[in-house]
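Supplied in structure tokens, the structure appears directly below.
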Amino acid sequence: MSVDSKINLVDKKKARGYSHLEMHSIVYTWEINKITHFLESTKGIEENVINSPEFSTSAKLKDSWFLQLKIQNDDQSSKNETWVSLSLMPKHKNLKVRAKYLLFFLNNKKEKIVSGGKSYNQSLDAWISHHFVSSPAGRGFSNFMKIEDLLQNKDELLKNDTLTVCVDLIIYDEYVTQNNPITNSLEDSDGTLNKDFENLLISKKNCDVVITVGDEKFDAHKVVLITRSNVFEAMFEHDMKESKKNEVDIPDVDPGVFRRVLEFIYTDKVEDLDSFADELLEASDKYQIHGLKKMCETSLSKTLSFKNAVRILILADRHSAERLKEFTMDFVVANLAELQNTEEFKRLEKSQESLAYAVLKKFIGEIQTNNDSFTAAF
């Protein structure tokens, strides 16, 4: 082959692009006490409204929401019925965001009751997807439940004369398109910033708030708490007693657990996480500390066994730990033959019917998929 006839081989550059988005979620619980008197006294009144405190998913767009419970008459019905209206309301008029949400009441068994008084389960299409854009109007149900039905079932729905209203809210960021994957260049750093904040916590220098947990008191810094937790932010930025007195009282968390919550808030680390993962998952969900919640999910997934699988599944469902729930659900379904006759699974069927139904539905789906694959092979 002559020189002129040689084929030039050129190394081709390789590149790839990808688009990704992040989801931000929160399960917000709003308790309204002395509700029976309110429901009975507002019958016949054209409109009466209660708004919840504000909350956020911590999405990049700095979203802010509140729930609105409204009593209104059905003027279009000859029955002259009165309804509870329930809506998810954006705080800002110019909000533009894609959202998915589930509005529900919690009954005394901690079961979700959706519009029309139906018990929620995985097969019930009760989630709503909506694009909030340039409008102060909320979205929800004008006829969520009849007041008459609510009062007739007050033993189930109004425990201690308190109505528990909830929303499971997911916010989607816009897609980000890039040609190169993002790498975390700080993963191998010496953690100087974390060390400085750890020293700040230990030294108690310039602390400006006292947190009382049981019989222990913890000194902390407002700016750190506000930065790391939307719940603490709401306490200090609104006209609440915590903001006025620079004191916070936390009666329902063990001091040893809260010490580790505070440790994570300042350092992104937790001493002996595995021993406290259950309690820390609950605390991180309550105070919306998302990084700690993910760490607890990972820790609990590593300890999954026949003995604790059902308990962890219930825990994950209760605190909307979706990654842990899906992981544990797969484990339970794969080992259902061994688990279905245990006392733990029997209690699940009695106390968490919708969750047990979801397990069985997925189990049946797995069988059908396997049968279809087997049939296709022949």
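Quick note: the coordinates plus some simple rules give every number you see, no bench work behind them. Treat the numbers as computed from the prediction; the structure is a model and nothing was measured. Counting neighbours? That spans all protein chains shown, and the Cβs are built from the backbone with ideal geometry, glycine included.
Would you please state the base-10 log of I(q)/I(0) at q = 0.22 1/Å for segment 211-312, with intensities from the Debye formula using one equal scatterer on every alpha carbon?
Those come out to -1.17, one per q.
Can you tally the net charge around GLN288? Count Lys and Arg as +1, Asp and Glu as -1, for every other residue whose Cβ sits under 11 Å from the Cβ of GLN288.
That sum, taken over residues with Cβ under 11 Å, equals +1.
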